[in-house]
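The values are calculated or read from the model by the stated rules, or taken from the named source; none is laboratory data. As the structure is a computational prediction, the values presented were derived from the model and not from experiment. Neighbour counts are summed over all protein chains in view; Cβ atoms, including those assigned to glycine, are modelled from backbone coordinates with ideal geometry.
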Amino acid sequence: MKLLKKKVEKDLLRRMYYQMLMARRFEEQASLLFVNGELPGTVHLYAGQEAVAVGVCSALRKDDYITSTHRPHGHAVAKGIPVKALMAELFAKTTGCCRGYGGSMHMGDIDYGMVPAIAIVGGGIPVAAGIGLAFKRLKTDRVVACFFGDGASSEGAFHEGVNMAAIWDLPVIFVCENNLYGASTHVSRVMKVDNIAERASAYGIPGVIADGMDVLSVYDATVEAVERARSGSGPTLIECKTYRFLGHSRTDPQQYRSKEEMEFWKSKDAIPRLKAWLIENEHFTAEEIDRIHEEVERELDEAVEFAKNSPSPLPEDALKNVFVGEGS
Amino acid sequence: MRKLTIVEALKEAIREEMIRDERVFCIGEDIGTPGGWGGAFTVTKGLSEEFGLDRILDTPIAETGIAGVAVGAAIGGLRPIADVQYGDFLFCMMDQLVNQAAKLTYMSGGKLCIPMVMRAPVGATTRAAQHSQSLESYFVHVPGLKVAAPCTAYDCKGLLKSAVRDDNPVLFFEHKLLYGSKGNRAEAGALSPAGDVPEEEYLIPFGKAVVRREGRDVTIVGKLLTVYRALEAAEILSKEGIEAEVIDPRTLVPFDWDTLLSSVKKTGRLVVVDEEPGNCGWASDIGAKTSEMAFDYLDAPVRRVTAIDTPVPFAPEMERYYLPNAEKIVAAVKSLT
Ligand SMILES: Cc1ncc(C[n+]2csc(CCOP(=O)(O)OP(=O)(O)O)c2C)c(N)n1
Ligand SMILES: [Mg+2]
C-alpha cells in the first residue's frame, strides 16, 4: 500500500475504516433483506468499491456536494447521511432520507451535501457542472464531486458536462468508478482507449488514475483535485480502478465474468488491506479495530430495527411534493 | 395450440425477421453479451449465439447514439430493431427520435424512408421515478411516428413483424408486467399472460383493434397492462349486472376509430384507462376525439381513469395509489350509469 503524502490524522483514518466497513456491511444487510423479499424494487450494491466513495468524501467538507448514481448506498454512507435514514429509505418508510419517495436508486439528502442519486446513467454529470457553476458564481469555495461509472463515460452527457466544467474552470471533481463493467458489458467492448482518464486530455483538464482498491490512493488524488478546484483552477477527472464484488442488480448470475477474475479482485479488497496497514503502522491495535466492527454491527442492527418500526407513507402522500411547498 | 409468453413471442418475431431479411439487426445495451441477460428483459437472449454479435449489436451506454445510429443505419439500407432497457431512457434520445426519425421523410418531400423499430419497456414496478414511466403519449403526439402497444403474445409477435417490415419509424411499447421474463429477470406482481401463438407465420396489420370482451352497457378502452385491468373490472361489473365491452387498440398510431366508435355507438358510454398521468395524455385525446365524432351517441361524459399527475413514487403504498386499477375503473363506470 502506498504511503500517505501528508500526515493523516488518526480520527480521519478511523472514520475511513469505519465508513468503509459500514458501507460494506450495509450492502450485505441490504442484499439479505432484498433476497428475503423485505425490500421493494431493486438494489444495485456497492460492495467492493468502498475505497472510492470513502477516499473521495474524506477529502471533502460537509458543505461540499456530491452527485451519485443508481449505485448510491456507499456514497451516501461516505457523505455522512445517518445509516438509519438510508435503511429506512430502502424500506420505503417516511423516516427515510427521501421519505419513501425515492428508494434505493435515488438515495441522498441535500442537508448532507448529497443530491438525490440520479439513476439515469450519465445524467448527474452535467448536473455536477451546474452545481460547480453556482458554487463559483456565488463566490463560495465549495466543490462538487461527481460519481459515475465506466459505462456512463460513453454517454453524450459526459462529454457535454465535462467540457463545460473545463472551459469555465468549475470546481468539480469527476470521479469515474471504473469497475470494468457497465451492467454485463466489459469496458473493452465499448471503448478503444485503455483508461478513461485519457479522455481528460480532450477537455484540457488533468486526468488521474487512482487505485480504487486503496482508500489512501483515492484520498490523495482527491485532495489534490479538491485543492485545484477550490483555488479556481478547474476540474479534474479521477479514474478509480475498482471492482464490484456482487451482481449488477438484484439477482444477477454474473455469467459474463469469470470466477478467477472475481477472486483476483477480492484478493485486493480495500477493507482488510486498510486494516492490515492500520495495525502494521501502529495507528490502531487489533482490539481497537474490533471495537469499530462492534460499533458498525450495533448501528446497523439499530438501523434495521428503526426502519422496520417506522411508518409507511399514506397512499395519498403520493400527491405531495410534486411542486415545492407541498411537502409533509 | 402452443402457448408462448410475450418474451418468447417477441424473440420469435425478431428471429424470423432476421432469418427472412439479412438487413434486419438488433442494436442496444447488453443485448448480446455472452453470459449476459439478452436485454433487460431477456427478449434477445440466445440470439447472439445464432446470429453473431454483428447482428445482435451491443452498444456503449449511449442512448442518443443508439437512436441516431438506428436512423442512420435505416438511411443507409439496414432495418434496425433498437431497444432501450427502460422506456424512461427514451427521453435521453428524444432529438434523434423526434427531430430526425419522425421528420426526415417529411423534410425530404417523401424521398427518404426510415425503417426502424424502437422497442421500449414501460410500466411501474416499484422502481420509482426514473424507471417506471409509461410514456406512449409523448410519441403519439409526434407526427411521423407509428406507435404499437400490444398486450398479448399473439399480437406482440404479429405486430413486431409488421413493424420491422414497415418503412416508417415505429415505437414499439412493451409492458414489464406482461413479459413473462423468467428466472432472475422475473418481475414481482407480473401477470405474464401466456397466449396461443400459431407455428405458421402471420402478420398483424397496424390500425386494427380487437374487442376483448363484448358488452352492451359501457365501452372501456385501455392499452398494455390496463387492458387486463379493464377486463378485471368488467368481471366485477358483470356480477352487478353491468356488461362492459373492452377494447384493445393494439396500435395507437394508426388508431382504429371504426372499432371504438361503433362500440361507443352501441353502449353510449366510454371509459378510457391509461397508466400514464392524465394531463394532456392519450386518454384525454381519445376522450376528446370520441366526443367530437360520437357526441350524439353519448349518454354520459367520457371518463378517464389514469395514473395521477405526479412522478411515479417509490413506496408500494403510494405506487398503488398512483396507478389505475380495477376498483377505480369500476367506480368510474358506476359514476356513468
Ligand atoms: C440512460 C440510462 N441508460 C441505461 C440505464 C440502465 N443501466 C443502469 S446501470 C447500467 C450500467 C451502468 O454502468 P456503469 O456506469 O459502469 O456503472 P456501474 O453499474 O458499473 O456502477 C445501465 C446500463 C440507465 N439507468 N440509464
Ligand atoms: Mg461500471
TODO: May I ask you to verify whether A:L86 is in contact (Cβ under 8 Å) with a residue 40 or more places away in the chain and within 14 Å of another protein chain (Cβ to nearest Cβ)?
DONE: yes
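Conditions (1) charged (D, E, K, R); (2) at positive phi, marked per residue:
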| site | (1), (2) |
| --- | --- |
| A:G151 | no, no |
| A:D169 | yes, yes |
| A:C176 | no, no |
| A:S184 | no, no |
| A:A202 | no, no |
| A:C240 | no, no |
| A:Q254 | no, yes |
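From the list A:I120, A:I125, A:I110, which one is farther than 18 Å from A:L237 by Cβ, of a type in the set (A, V, I, L, M) and within 16 Å of ligand 2 (Cβ to nearest atom)? So that I can check it myself, show each step before the final result.
Numbers: A:I125 fails: farther than 18 Å from A:L237 by Cβ; A:I110 fails: within 16 Å of ligand 2 (Cβ to nearest atom).
None of the other options fit; the residue is A:I120.
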Open item on the list: I'd like the residue in the range A:184-195 that is more than 11 Å from ligand 2 (Cβ to nearest atom) and in contact with a strand residue (DSSP E or B) (Cβ under 8 Å, 6 or more places away or on another chain) and, out of all such residues, is nearest to A:D211 (Cα to Cα).
Closed with: A:N195
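Which residues, taken from the range B:1-40, are within 14 Å of chain A (Cβ to nearest Cβ) and closer than 15 Å to B:M118 by Cβ? Give the derivation first.
First, pick out the residues of the range B:1-40 that are within 14 Å of chain A (Cβ to nearest Cβ): B:27-40.
Across the range B:1-40, the qualifying residues are B:I27, B:G28, B:E29, B:I31, B:G39, B:A40.
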- [ ] Give just the number: which of (1) touching a strand residue (DSSP E or B) at 6+ places or on another chain (Cβ under 8 Å); (2) away from ligand 2 (no atom under 16 Å from the Cβ); (3) charged (D, E, K, R) does A:E89 not satisfy?
- [x] (1)
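Could you check the range B:43-131 for helices (runs of 4 or more DSSP H) lying wholly inside it with 2 or more residues that are within 14 Å of another protein chain (Cβ to nearest Cβ) and of a type outside the set (A, V, I, L, M, F, W, C)? Before you say what the answer is, go through the steps one by one.
Numbers: elements: B:47-51, B:63-76, B:104-107.
In the range B:43-131, the matching helices (runs of 4 or more DSSP H) lie at B:47-51, B:63-76.
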Task: Candidates A:E160, A:E198, A:E155 - the one that is over 16 Å from the mean Cα position of the chain (by Cα), modelled with pLDDT of 95 or more and within 16 Å of ligand 2 (Cβ to nearest atom) - done: A:E155
Task: Counted residues, the range A:21-52 - those being assigned to a helix (DSSP H, G or I) and over 14 Å from A:D269 (Cα atoms) - done: 11
Open item on the list: Report every pair of residues separated by at least 6 positions or lying on different chains whose Cβ atoms are under 7 Å apart, first residue within the range B:312-329 and over 20 Å from B:G87 (Cα atoms), second among the β-branched types (V, I, T) and surrounded by fewer than 18 Cβ atoms within 10 Å (Cβ to Cβ).
Closed with: B:A326/B:I236
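Could you list all residues from the range A:137-155 that are away from ligand 1 (no atom under 16 Å from the Cβ) and crowded, with 24+ Cβ neighbours inside 10 Å?
Answer for the range A:137-155, where residues must be away from ligand 1 (no atom under 16 Å from the Cβ) and crowded, with 24+ Cβ neighbours inside 10 Å: A:V143, A:V144.
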Task: All positions within the range A:282-326 that are free of Cβ contacts under 8 Å to residues at least 60 places away in the same chain and either outside any helix (DSSP H, G or I) or in contact with a Pro (Cβ under 6 Å, 6 or more places away or on another chain) (or both) - done: A:E282, A:T285, A:L314, A:A318, A:K320, A:V322, A:F323, A:V324, A:G325, A:E326
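When you scan the range A:164-183, how many residues do you find that are away from ligand 2 (no atom under 13 Å from the Cβ) and either modelled with pLDDT under 95 or more than 16 Å from A:A197 (Cβ to Cβ) (or both)?
Quick first cut of the range A:164-183, residues away from ligand 2 (no atom under 13 Å from the Cβ) only: A:164-174.
The next check asks that each one be either modelled with pLDDT under 95 or more than 16 Å from A:A197 (Cβ to Cβ) (or both); those that pass are A:164, A:167-171.
Qualifying residue count, the range A:164-183: 6.
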Open item on the list: If B:H131 meets every condition in (1) without any contact (Cβ under 8 Å) to a residue 40 or more places away in the chain; (2) over 15 Å from the mean Cα position of the chain (by Cα) apart from one, which number is that one?
Closed with: (1)
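Return the total of residues in the range B:30-40 being under 20 Å from B:E187 (Cβ atoms) and within 12 Å of ligand 1 (Cβ to nearest atom). Explain how you work it out, then say what you get.
Applying the first criterion (under 20 Å from B:E187 (Cβ atoms)) to the range B:30-40 yields B:30-31, B:36-40.
Still in the running and within 12 Å of ligand 1 (Cβ to nearest atom): B:30-31, B:36-37, B:39-40.
Of the residues in the range B:30-40, 6 are under 20 Å from B:E187 (Cβ atoms) and within 12 Å of ligand 1 (Cβ to nearest atom).
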Open item on the list: Could you go through the range A:217-224 and let me know if any residue there is in contact with a helix residue (DSSP H, G or I) (Cβ under 7 Å, 6 or more places away or on another chain), within 16 Å of ligand 1 (Cβ to nearest atom) and more than 27 Å from B:M93 (Cα to Cα).
Closed with: yes
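For the range A:182-204, what are the residues that are in a helix (DSSP H, G or I), among the hydroxyl-bearing types (S, T, Y) and within 16 Å of ligand 1 (Cβ to nearest atom)?
A:S188
Just to be sure before I move on: is A:A165 buried (at least 24 other Cβ atoms within 10 Å of the Cβ), more than 16 Å from ligand 1 (Cβ to nearest atom), aliphatic (A, V, I, L, M) and under 18 Å from A:S231 (Cβ atoms) in the structure I sent?
Working: buried (at least 24 other Cβ atoms within 10 Å of the Cβ): yes; more than 16 Å from ligand 1 (Cβ to nearest atom): yes; aliphatic (A, V, I, L, M): yes; under 18 Å from A:S231 (Cβ atoms): yes.
So A:A165 passes the test.
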TODO: Give A:S312, A:S267 a once-over and let me know the one that is surrounded by 14 or more Cβ atoms within 10 Å (Cβ to Cβ) and polar (S, T, N, Q).
DONE: A:S312
